[in-house]
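Here is the structure we will look at.
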Amino acid sequence: MISLILADLQKLFRSKVFYILFIVQLPVLIFVGNGDITAEERMVYSNGIINYLTPLIAVLPTYLGIFGDDFRSDSMQCAIGHGLTRNKVVLAKFIDLMIVAGLMFLLSAVVLFAKFEITTPYLTVRQSFRFASTILLAWLKTVGYGAFTLPAVFLFLRVSPGVILYNCFLLLICSIIQSVQEKMDVGVYDISFTGLIEKAEALAAAGKFVWPVIPAVTVYIIGALILSMWIFSVKEMEF
Amino acid sequence: MSESVIRLQGVMKKYVSHEVLKGVSLQVNKGDIYGLIGKNGAGKTTIFKMILGLSPMDEGTVSISGSTNEKELLKNRGRIGFFVGTRFFDNLSARDNLDYFGTVKGISGKYRKEETERVLEIVGLKDVRKKYKGFSMGMKQRLGIANALIGNPEILILDEPTNGLDPQGIADVRNMIHRINEEFGITVVVSSHILGELENTATRFGIVHEGLVAKEITREDLKIREDKIEISVDDLERAKEVLAANGIKVLKETQERSTLEEFYFRVIGGV
């Protein structure tokens with residue numbers, strides 16, 4: 001499994017897709033949230049970038065540079081035919097997603113924190129800590145939504161259902177859950193993955209410990225992985 | 001008794017309502033060049049999928065290097081190199097593609113580089129630097145075989161490796177298969193629907209027809225043609241009469257080998 005992850009990452013970083021996507025968001029990272037504003041306003045802008053723009057970009061290298069190539073080549077067939085279990089293939093791809101998205105968030109964080117150090121308004125230590133928590137939770141949200149798309153990716157062995165579903169999760173899921181909640185009069189939002197992440201964000205903003213939320217969030221991700229593994233276990237591999 | 005490296009027993013596979021394999025049994029022995037022959041859709045590729053674990057089977061057992069245990073099967077599949085198509089990464093060179101697939105197979109750094117050069121030499125792509133998207137069909141097939149060879153497998157599975165090749169390309173692949181088998185001692189399982197091609201390549205044959213291996217034969221079985229001999233006699237006109245009765249001296253008798261194609265159609269009952 002480690003061999004597959006290493007091969008995927010080596011191939012991805014040899015191609016241009018990761019770097020191009022990082023460069024695409026670079027002007028926003030550098031130029032948005034500067035000027036004659038307060039530190040709190042700067043936080044709001046930066047939170048917006050890290051909660052919407054970076055997650056949008058962070059999964060694309062995995063979909064385009066790893067899954068896309070996998071489906072165009074026989075690399076998954078090679079791994080399975082060489083004795084790797086299908087479960088390990090799913091797990092390897094999820095770990096790819098975690099690492100690649102993590103690197104994208106890390107690079108974005110480096111740029112933003114460098115900007116906070118160099119340009120005004122400067123952030124306080126407490127604000128910086130809060131922002132670091134926001135980045136970690138945004139990465140976790142990205143990884144979670146990415147995991148939720150894996151069943152569709154492995155069902156169709158195509159990238160497009162994954163990208164579409166991911167964007168639906170990122171942009172529409174809040175409204176969907178809230179409207180379901182209103183219509184059915186049941187409190188599902190607080191126990192949903194998105195609701196739990198928001199709860200963790202609120203805890204972090206209040207300077208509290210976010211870890212109590214983590215086990216519940218992990219259960220969601222594991223559930224999505226188990227579903228992906230089951231779907232992939234009965235999938236015919238064509239060549 | 002020959003040591004079997006691949007054995008299938010009663011393997012069945014159904015796609016929705018279509019029964020592709022109806023209880024396939026076959027045995028590939030160590031050192032064989034085993035030719036799997038059959039028309040398109042006979043089930044050759046599905047048999048390979050079963051061996052490689054790329055498709056779940058409905059019934060039956062697959063044994064690789066004597067093991068049917070799921071854990072050991074996974075391990076033993078690591079001894080198989082396979083060519084099932086020519087789908088590689090367009091923007092990578094032959095070397096970079098092999099480097100990726102070598103890494104997937106768990107071959108470590110320095111050895112992977114050595115292996116890459118070794119297999120590129122075998123398939124004649126050592127001096128090719130361009131990216132895969134610029135490859136001809138023949139070069140793609142060669143890269144597919146190189147990929148199957150990387151890591152020095154004990155068994156090589158080649159699914160229609162001469163598809164789309166010109167006569168020179170076909171001859172090159174045939175020579176490559178012989179070299180791989182003789183020089184490196186690799187057992188080869190190769191499929192084709194071009195019977196004449198496999199006749200010159202394989203030492204044993206499995207005839208796949210309507211979801212079954214209808215017959216397994218060796219190259220030796222093709223030697224004696226049952227229904228025809230060629231006789232040169234000193235009196236051709238009277239040969240038939242005299243042969244039976246008075247023992248006209250036979251000056252030359254040639255026993256022809258039947259073609260694989262004839263044998264194939266005899267087994268499946270076609271033209």
The stretch B:38-63: number of residues that are more than 12 Å from chain A (Cβ to nearest Cβ), in contact with a Gly (Cβ under 6 Å, 6 or more places away or on another chain) and buried (at least 18 other Cβ atoms within 10 Å of the Cβ): 2
Close pairs from the stretch A:19-33: first farther than 15 Å from residue A:46 by Cβ, partner of a type in the set (A, V, I, L, M, F, W, C), Cβ under 6 Å, at least 6 apart: A:21/A:57; A:21/A:60; A:22/A:107
Where a residue in the stretch A:70-94 is within 10 Å of another protein chain (Cβ to nearest Cβ) and its partner, wherever it lies, is of a type in the set (S, T, N, Q) and not in a helix (DSSP H, G or I), with Cβ under 9 Å and at least six apart: A:74/B:86
Yes/no for residue B:87 being closer than 30 Å to residue B:39 by Cα, in contact with a Ser or Thr (Cβ under 7 Å, 6 or more places away or on another chain) and within 12 Å of another protein chain (Cβ to nearest Cβ): yes
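Out of the residues in the stretch B:89-107 meeting the condition of being among the small types (Gly, Ala, Ser) and over 22 Å from residue A:93 (Cβ atoms), tell me which one is surrounded by the fewest Cβ atoms within 10 Å (Cβ to Cβ).
For the stretch B:89-107, the residue satisfying everything is B:93.
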Elements of type helices (runs of 4 or more DSSP H) in the stretch A:35-83, at least 1 residues being touching a Ser or Thr at 6+ places or on another chain (Cβ under 9 Å) and farther than 26 Å from residue B:74 by Cβ: A:39-48, A:54-58
Residue in the stretch B:150-169 that is among the acidic types (Asp, Glu), under 26 Å from residue A:72 (Cβ atoms), within 12 Å of chain A (Cβ to nearest Cβ) and assigned to a loop (DSSP other than H, G, I, E, B) present: yes
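If you scan the stretch A:43-69, which residues turn out to be touching a residue at least 60 places away in the same chain (Cβ under 8 Å) and either within 12 Å of chain B (Cβ to nearest Cβ) or more than 30 Å from residue A:125 (Cβ to Cβ) (or both)?
Residues of the stretch A:43-69 that are touching a residue at least 60 places away in the same chain (Cβ under 8 Å), as a first pass: A:43, A:46-47, A:49-52, A:54-56, A:58-60, A:62-64, A:67-68.
Matches in the stretch A:43-69: A:59, A:60, A:62, A:63, A:64, A:67, A:68.
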Criterion violated by residue B:130 - all others in (1) more than 13 Å from chain A (Cβ to nearest Cβ); (2) within 19 Å of residue A:11 (Cβ to Cβ); (3) buried (at least 19 other Cβ atoms within 10 Å of the Cβ); (4) not small (Gly, Ala, Ser) satisfied: (3)
Count - residues of the stretch B:133-149 that are surrounded by 15 or more Cβ atoms within 10 Å (Cβ to Cβ) and within 14 Å of chain A (Cβ to nearest Cβ): 10
Number of positions in the stretch B:40-49 that are modelled with pLDDT under 85, at negative phi and not aliphatic (A, V, I, L, M): 1
Condition broken by residue A:235, with the remaining ones in (1) within 14 Å of another protein chain (Cβ to nearest Cβ); (2) modelled with pLDDT under 90; (3) not in a loop (DSSP other than H, G, I, E, B) satisfied: (3)
Of all residues in the stretch B:64-84 being of a type in the set (Gly, Ala, Ser) and farther than 17 Å from residue A:75 by Cα, the one that is farthest from the other protein chains (Cβ to nearest Cβ): B:66
Subset tally (residues that are surrounded by fewer than 18 Cβ atoms within 10 Å (Cβ to Cβ) and touching a residue at least 40 places away in the same chain (Cβ under 8 Å)) for the stretch A:158-170: 2
Hits in the stretch B:90-105 (condition: under 17 Å from residue A:74 (Cβ atoms) and either of a type outside the set (Asp, Glu) or part of a loop (DSSP other than H, G, I, E, B) (or both)): B:90, B:91, B:92, B:94, B:97, B:98, B:100, B:101, B:102, B:103, B:104, B:105
Unmet requirement for residue A:24, which otherwise passes all of (1) more than 20 Å from the chain's Cα centre (by Cα); (2) surrounded by fewer than 16 Cβ atoms within 10 Å (Cβ to Cβ); (3) closer than 22 Å to residue A:170 by Cβ: (1)
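The values are calculated or read from the model by the stated rules, or taken from the named source; none is laboratory data. From a predicted model like this one, the values you see are computed outputs, not experimental measurements. As a convention, Cβ positions derive from the backbone with ideal geometry for all residues, glycine included, and neighbour counts pool all protein chains shown.
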